[in-house]
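One structure is given here, and the rest of the page talks about it.
The values are calculated or read from the model by the stated rules, or taken from the named source; none is laboratory data. Keep in mind it's a predicted model, so treat the numbers as computed, not measured. Heads up, the Cβs are rebuilt from the backbone with ideal geometry, glycines too, and the neighbour counts pull from every protein chain shown.
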């Protein structure tokens, strides 16, 4: 998996490209989030538009990241989920845990207000 990182105002935008399948990918994501939290960022948007596949290990990492961000009273929004990924979130009931939105640009704009 490739993780693209961008700062837009006070928001960290992380874009996932490829498959999010496990420990190696998880270390990259968790380390990035930890670094941004250390730097004072608390609002995160994860763009899933180019995420081809995510397995249970990837979901577990997202839950870990969600909890880390929540501890610093931050926000995590997942955007532009593919139909396949959205179905997985619904089946696992994680759609009730995560804030899932359609538009990355709208979420970033709202968080920066």
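Side notes on the structure shown:
- Listed conditions (1) assigned to a helix (DSSP H, G or I); (2) touching a helix residue (DSSP H, G or I) at 6+ places or on another chain (Cβ under 9 Å); (3) modelled with pLDDT of 95 or more are all met by residue 108, apart from (2).
- Here the strands (runs of 3 or more DSSP E) wholly within the stretch 1-85 that include at least 2 residues being exposed (fewer than 13 other Cβ atoms within 10 Å of the Cβ) and free of Cβ contacts under 8 Å to residues at least 24 places away in the same chain are 2-8.
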